[in-house]
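Accompanying notes for the structure given below.
The values are calculated or read from the model by the stated rules, or taken from the named source; none is laboratory data. The structure presented is a predicted model; accordingly, all values stated were derived computationally and were not measured. Positions of Cβ are backbone-derived with ideal geometry, glycine not excepted, and every protein chain shown enters the neighbour counts.
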Amino acid sequence: MSVSVSQLELAKPLTSDSTATTGGNNGIDQPELVIRPRKGWIAVDWKELWTHRELLYFLVWRDVKVRYKQAILGIAWAVLAPVLSVVVFTFLFGAKGLGANKNLPGPPDFQVLPTSLFIFCGLIPWLFISQSISNGGLSLVNQQNLLSKIYMPRLFIPASTIGSGLVDMFISFGVFFVMMSIYGYAPSKQIVLLPLLIFLTVLLSMGLAFTLSAMTVTYRDLRFLIPFITQIGMWVSAVVIPFTGVDAMKRHQWVLLLNPFFGIIDSFRSALFPGWGWRPWHLLSSIIWTIAILVFGLFYFRKTERRFADIA
Amino acid sequence: MSTPVIKVRGLGKAYRIGMVNPKHTNFRETVTELCKQPFKRMRKYDDDFTKDAADTYWALKDVSFEVGQGEVLGVIGRNGAGKSTLLKLLSRITEPTEGEARIKGRVSSLLEVGTGFHPELTGRENIYLNGAILGMKHAEIKAKFDEIVAFSEVEKFLETPVKRYSSGMYVRLAFAVAAHLEPEVLIVDEVLAVGDASFQKKCLGKMGDVVKHGRTVLFVSHNMDAVASLCTQVLLVEKGRAGEKVSPEEGVKAYLSLTNSDASVPVREKPRTQHRTRDPIFTGLKITGGSGHANVVETGRSVTFEIDIENCEDLKNVTCAISLHNERAQRVVFFHTLYHGGFSFPGAKKKKLVCTVPSLPLVPDSYYVELVMSDGYQFIEKVERVDRLDVVYANSLGTGKIPSRGQGFFVLPCEWKHEG
């Protein structure tokens, strides 16, 4: 087949944008990319994640931007959503009494933590975790193009949903501290441990998001299971009612060691409310759970990653 | 050949046929799945499913080739031949089942324009997002931002969410970002088949630029013009196997003869693409030109297509389309039951559709007929190159001369005057 002159002309540059840098080093001394079948467990490529770190930033930025676009109240929803939940739960459980804790110092009136503060404090980490589970878990199936049309460090896809949850969390904390000062309630000195707790929560959420998102690619059924996990999780982790309010939980405290969320959520209260005792064993169990879930999540994700594009 | 940048040895990719169409969307199957789980573990379901099992389908097998620095390799082949699988393997989207590939330098792949575009974000925001997804650094995108915007021709709408863009604008913006990637190795799939003609031309021009900068390009296309004009070498992929690299002229010739060779095969047995596997629907096609000859028509005369349809009584509401393609696989005209006939129809056990074109003013050439049946949402069956239609010379303009191949697609009358 002959090629006519008119078609050859297509190959000529039609635009004048040749400011682009020339070929650069011509690839000979570049590191070589080897593509071959891999078996078994695959280690996380930290170096690759680091070189592409800007991508993670852009994905988080996208999620934050998109979340409140075209909503009339915009970012105000980040404030309103937890506040409304707090109002509803406070109304349900009565303004006083549920947060009762004998360990609280001060005059008898102060021994009772306002219910709204108690609930708010539990809801902040919990909303973050449940949001990470539901958004993170569905992040891969909801963005299949990112799996089947391009290669990128795929761990970033679930990880980015956590970043945007973190922004919401900081906003909620802002509101929380305002509310605390309205109640005239000074935070405990142990508040310095708060960043560490947040870090722990982030790690746990990441582990869960990695595991659930990778599983959802293979088993779409998790779409139905995930909302269930977040609902049940709230009640068994003493998010809005103190576990002392539930007889069975109070009597068999060791059962709560099996719940990765309880230790974290309880410790948030210990860090914020003076006199709210730490439960070191429960915190330790949460830490161990977090490490286990994160490590499993990373490895499970890496192991199944190579099949994502085939089955997504 | 200069130093090889891409080295591929015995590359192969197998799919379990059960995995190609996974159906785990309802609870009943979840339970069955769970019950089967322990047995699957025993079969080592996850890792090395037996490579020669009966339900294994090799999309690509034993592919070896090398691409040198600055070479532009066109990968051509029929639909389903394995071209896209090859590109997916080389761009690391999916892992090979066997063999290996080595690539030197930064690789960028472009299997779709606008991957990761978010409809709610503005044009400006999407440039940054898409750039990052394609592997550009923030500083790099920033430096090229104006250039990208100028190329895309959407300056005025930069602050508008892309969901309000026309499809043309969307594609232009998406391609503009991709076009400003500067990888050492670029892998491109058919993305040039988007946008209007002038933009396509611009894209091809940009591709030509990339090539001139000494980058190595792997280019999949059905557009034989683009292949012939851009590529330095061509790799023909057929049924999952790749041949030797040949010159573009030879490659294009081989591709065309490959796709045209089966004129003697009855329509019923022609290879076809189906959305969901089923018995063949298109089972016969008769083309009669105005002068009564089969498969030949004089330009400007009438032509009749009689299409036999079978085995589609389960389809409630379908449409059928005939399109004519020239030898370079460009679609020239399109006749659709809904657009031209104003109807869609219920499928039937056996049915005949007749399409009469009162005048077919195409330039003399050989054209290939493609038949497509679709319901409102997707195609159901597509048969490419069902048959051939030769359009031959006729003095339809009354001047004794008419445009020929390469001077446009149509022979249309017009009036010329000289004034003053």
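Some notes on this structure:
- Residues of the range B:107-141 that are in a loop (DSSP other than H, G, I, E, B), surrounded by fewer than 20 Cβ atoms within 10 Å (Cβ to Cβ) and more than 7 Å from chain A (Cβ to nearest Cβ): B:119 alone.
- Here residue B:104 passes the criteria (1) modelled with pLDDT of 90 or more; (2) within 9 Å of chain A (Cβ to nearest Cβ) except the one numbered (1).
- Filter pass, residue A:307 being within 14 Å of another protein chain (Cβ to nearest Cβ), surrounded by fewer than 20 Cβ atoms within 10 Å (Cβ to Cβ) and within 20 Å of the chain's Cα centre (by Cα): no
- Residue count for the range B:306-340, restricted to those that are farther than 19 Å from residue B:289 by Cα, assigned to a strand (DSSP E or B) and of a type in the set (Val, Ile, Thr): 3
- Single condition residue B:374 does not satisfy, out of (1) touching a residue at least 24 places away in the same chain (Cβ under 8 Å); (2) surrounded by 16 or more Cβ atoms within 10 Å (Cβ to Cβ); (3) within 23 Å of residue B:289 (Cα to Cα); (4) polar (S, T, N, Q): (3)
- Residue, surrounded by the most Cβ atoms within 10 Å (Cβ to Cβ), within the range B:142-170, restricted to residues that are more than 9 Å from every other protein chain (Cβ to nearest Cβ) and under 22 Å from residue A:53 (Cβ atoms): B:145
- Members of the range B:273-302 that are of a type in the set (A, V, I, L, M) and either part of a strand (DSSP E or B) or surrounded by fewer than 17 Cβ atoms within 10 Å (Cβ to Cβ) (or both): B:285, B:287, B:294, B:296, B:297
- Checked against (1) at the interface with chain A (Cβ under 9 Å from one of its Cβ atoms); (2) charged (D, E, K, R); (3) without any contact (Cβ under 8 Å) to a residue 12 or more places away in the chain, residue B:249 passes all but condition (3).
- Against the criterion of being closer than 18 Å to residue B:327 by Cβ and surrounded by fewer than 16 Cβ atoms within 10 Å (Cβ to Cβ), residue B:343 does not qualify.
- Single match in A:40, A:27, A:97, A:106 (criterion: surrounded by fewer than 16 Cβ atoms within 10 Å (Cβ to Cβ), at pLDDT below 80, within 14 Å of another protein chain (Cβ to nearest Cβ) and outside any helix (DSSP H, G or I)): A:40
- Residue in the range B:383-405 that is hydroxyl-bearing (Ser, Thr, Tyr), in contact (Cβ under 8 Å) with a residue 12 or more places away in the chain and buried (at least 17 other Cβ atoms within 10 Å of the Cβ) present: no
- Look at the range B:229-242: where a residue is closer than 20 Å to residue B:72 by Cα and a partner is surrounded by fewer than 22 Cβ atoms within 10 Å (Cβ to Cβ) and among the aromatic types (Phe, Trp, Tyr), sitting 6+ places away or on another chain with Cβ atoms under 7 Å, you get B:235/B:65; B:242/B:65.
- Subset of the range B:200-229 (residues that are within 14 Å of residue B:187 (Cβ to Cβ) and either at the interface with another protein chain (Cβ under 10 Å from one of its Cβ atoms) or part of a strand (DSSP E or B) (or both)): B:207, B:210, B:211, B:215, B:216, B:217, B:218, B:219, B:220
- When B:163, B:201 are checked against the criterion of being basic (Lys, Arg) and at pLDDT 85 or above, B:163 stands alone in meeting it.
- Flag if residue A:153 is in contact with a Phe, Trp or Tyr (Cβ under 6 Å, 6 or more places away or on another chain), at negative phi and either part of a helix (DSSP H, G or I) or surrounded by fewer than 21 Cβ atoms within 10 Å (Cβ to Cβ) (or both): no
- Residues satisfying the stated conditions in the range A:198-231, i.e. basic (Lys, Arg) and assigned to a helix (DSSP H, G or I): A:223
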